[in-house]
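A short worksheet on the structure shown next.
The values are calculated or read from the model by the stated rules, or taken from the named source; none is laboratory data. Note that the coordinates shown come from a computational prediction; the quantities given were computed from them, not determined experimentally. Heads up, the Cβs are rebuilt from the backbone with ideal geometry, glycines too, and the neighbour counts pull from every protein chain shown. Calculation scope for accessible area: heavy atoms of the full protein, side chains included, ligands and nucleic acids excluded. Shrake-Rupley method; radii C 1.70, N 1.55, O 1.52, S 1.80 Å.
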Amino acid sequence: MSQFLIRALVEEDIAGADRLRQQAGWNQRPSDWLRLLRYQPNGCFVAESGGDIVGTVTTTSYERELGWIGMMLVDLSFQRRGIATALMTEALKFLDGTGIRCIKLDATPVGQHVYQRLGFETEWTFHRWTRTARRVAKPRAVNGSPIAFESGDLDRAAFGVCRQRYLDLLRPEARLVADNDGFGMLRSGQNADYLGPVTAESPEAASRIVSKLLPQTENEVYWDIPGPNVAAAKLARSLGFEPARDLTRMWTGSKLLQPDISLQYALADPGTG
Ligand SMILES: CC(C)(COP(=O)(O)OP(=O)(O)OC[C@H]1O[C@@H](n2cnc3c(N)ncnc32)[C@H](O)[C@@H]1OP(=O)(O)O)[C@@H](O)C(=O)NCCC(=O)NCCS
């Protein structure tokens, strides 16, 4: 059995970490790693073997209330050797050390096996919805929005905790639509553009926001919709999206925050909730 070392992720590791992301076919880009690292510089970890990055995990904390675990990846040729479990143990230890008691993540079907063994329970299941490209041409990048905005009480109710600091880091990379009834973002990904987060007071408000964002891209679009939000799924279907992948929201800890899922029309990313 090969040896591996668990240590903190640093900026110089991003190319190695992104190799694993590419291997798994995920949609994030190097800028996503950088954002996660800048947000929580001591809370992202790698497994290293023979000088190579062979595993990754990130944590994202919201207001010392909620900790999110993401980017759990292990090199194909190093799987089933306990690396994911060791990375999770380090991530959970880090979050525990900051006093965070409620921890969540979005699991792929294979990831679920790892997390169940560590005591995570299912909160709800959800789908990634996709819409194919509108034209066959070189994809154009989605431009970021320079304007500031306040995610406010509506997003706190939707997500269960304030995530303004994280959204402030996301905003320069995303096209933003915001009004009194909610907000939405659209940004470029490695494989497809990503719609989310979208928080809205009503299905009509969500429809208005999404209908302003989608015409800004002709690329394929991914949209992760919380399973319990039936109105969001209905909206996605009416706009030509189809469910493509199953994911599971899981949690552990002493307290389960109670977000209002009826206000959450799109996740920000499975890696951050
Ligand atoms: C999911 C993933 C991170 C697991 O990494 P890993 O290092 O192989 O996991 P571990 O060795 O710590 O596995 C711990 C336990 O989880 C379970 N498990 C892990 N992979 C499994 C699989 N493919 N099928 C069934 N059970 C599995 C087993 O019980 C395993 O213990 P065992 O090997 O003693 O039977 C890895 O398969 C991966 O990178 N997959 C692609 C990306 C992905 O889906 N990431 C998860 C995102 S939520």
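Yes/no matrix, rows are residues, columns are (1) modelled with pLDDT under 95; (2) in a strand (DSSP E or B); (3) out of contact with any Gly (no Cβ under 9 Å at 6 or more places or on another chain):
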residue	(1), (2), (3)
Arg135	yes, no, yes
Ile147	yes, no, yes
Leu154	no, no, no
Arg171	yes, no, no
Ala178	yes, yes, no
Gly184	no, yes, no
Inset, instruction - Return yes or no: is Leu36 assigned by TED's automatic domain parsing to the domain that holds Ile83, under 25 Å from Leu256 (Cα atoms), assigned to a helix (DSSP H, G or I) and in contact (Cβ under 8 Å) with a residue 12 or more places away in the chain? - result: yes
Inset, instruction - Quick one: Thr85 ticks every box in (1) in a helix (DSSP H, G or I); (2) open to solvent by less than 10 Å² (accessible area, probe 1.4 Å); (3) under 18 Å from Asp96 (Cβ atoms) except a single one, so which number is it? - result: (2)
Legend entry - Options Ala231, Ala206, Ala236: the member that is crowded, with 22+ Cβ neighbours inside 10 Å, among the small types (Gly, Ala, Ser) and free of Cβ contacts under 8 Å to residues at least 60 places away in the same chain: Ala206
Legend entry - Filtered residue count, region 1-40, keeping only those that are crowded, with 18+ Cβ neighbours inside 10 Å and of a type in the set (Val, Ile, Thr): 1
Inset, instruction - Within region 64-104, work out how many residues are within 12 Å of the ligand (Cβ to nearest atom) and at positive phi. - result: 3
Inset, instruction - Hey, can you tell me all the residues within region 1-52 that are of a type in the set (Val, Ile, Thr) and over 18 Å from Arg80 (Cβ atoms)? - result: Val10, Ile14, Val46
Inset, instruction - Identify, from the list Leu66, Leu76, the residue that is under 22 Å from Val110 (Cβ atoms) and in the same structural domain as Ala15 (by TED's automatic domain parsing). - result: Leu76
Legend entry - Leu118 modelled with pLDDT of 95 or more, surrounded by 13 or more Cβ atoms within 10 Å (Cβ to Cβ), more than 8 Å from the ligand (Cβ to nearest atom) and not assigned by TED's automatic domain parsing to the domain that holds Gly25: yes
Legend entry - Lone unmet requirement of (1) small (Gly, Ala, Ser); (2) closer than 29 Å to Tyr194 by Cα; (3) open to solvent by 20 Å² or more (accessible area, probe 1.4 Å); (4) within 15 Å of the ligand (Cβ to nearest atom) for Ala107: (3)
